Amino acid sequence: MRNLKLNPNKTALVVGTFAGLWHFVWGLLVAMGLAGAILDFVYGIHFLNNPFTVQSFDVVKWVTLIVVTAIIGYVFGYVFALLWNRLQK
């Protein structure tokens with residue numbers, strides 16, 4: 001079987017983009033007033049009560065959330081690719 005090497009930058013961009021987009025969608029749900037109902041549903045199907053309340057939408061917090069999670073996702077993707085490549089040796 002051939003060893004698969006990952007390009008750390010490409011892997012990091014994919015993971016960072018996914019993390020950023022995920023939180024972009026979350027912000028949209030907050031802005032539309034649907035986030036609380038989704039949290040209630042997710043906790044409910046796990047037999048839990050939702051201990052959180054969703055704050056009002058704030059565009060500055062939303063952009064900050066997207067940027068921070070994209071950066072963290074990038075770092076995790078990069079480290080993952082480096083570790084993956086090292087373990088392939």
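Rule-based calculations on the coordinates, nothing more; no lab input. Quick caveat: nothing in here was measured; it's all calculated off a predicted structure. Cβ sites come from the backbone with ideal geometry, for glycine too, and all protein chains shown count toward neighbours.
In degrees from 0 to 90, rounded to the nearest 10, what is the angle of the helix 59-87 Cα long axis to the longest principal axis of the chain?
Computed tilt is about 30 degrees.
Taking the 0 to 90 degree range and rounding to the nearest ten, how far is the long axis of helix 8-31 tilted relative to the main principal axis of the chain, both from C-alpha atoms?
10
Hey, rough spin-label estimate for L28 and S56, points 7 angstrom out along Cα→Cβ, what's it come to in nanometres?
Once both label points are built, they end up 2.4 nm from each other.
Taking the Cα centre of the chain as the origin and placing charges on Cβ (Lys, Arg +1; Asp, Glu -1), which of A70, H23, A81 is farthest toward the positive end of the dipole?
Farthest towards the positive end: A81.
If the viscosity is 0.692 mPa s and the temperature 37 °C, what translational diffusion coefficient in µm²/s does Stokes-Einstein give for region 8-87 when Rh comes from Kirkwood over Cα pairs?
Once the numbers are plugged in, D ends up at 233 µm²/s.
Kindly rank 49-61, 74-86, 32-44 from highest to lowest mean number of other beta carbons found within 10 Å of each residue.
Taking the mean over residues of other Cβ atoms within 10 Å, the ranking is 74-86, 32-44, 49-61.
Kindly write out, for region 45-52 in residue order, the coupling ³J(HN,Hα) from the Karplus curve 6.51 cos²θ - 1.76 cosθ + 1.60 (θ = phi - 60°), rounded to whole Hz, with x marking Gly and Pro.
Going residue by residue, I get 6, 9, 6, 10, 8, 7, x, 10 Hz, with x marking Gly and Pro.
Enumerate the amide H contacts of L6 below 5 Å, restricted to partners 5 or more residues apart or on another chain; note that Pro and chain-start residues carry no placed amide H.
The list, which skips near neighbours in sequence, is N85.
Simple spin-label model, 7 Å along Cα-to-Cβ: F41 to T64 in nm?
My value for the distance between the label points is 2.9 nm.
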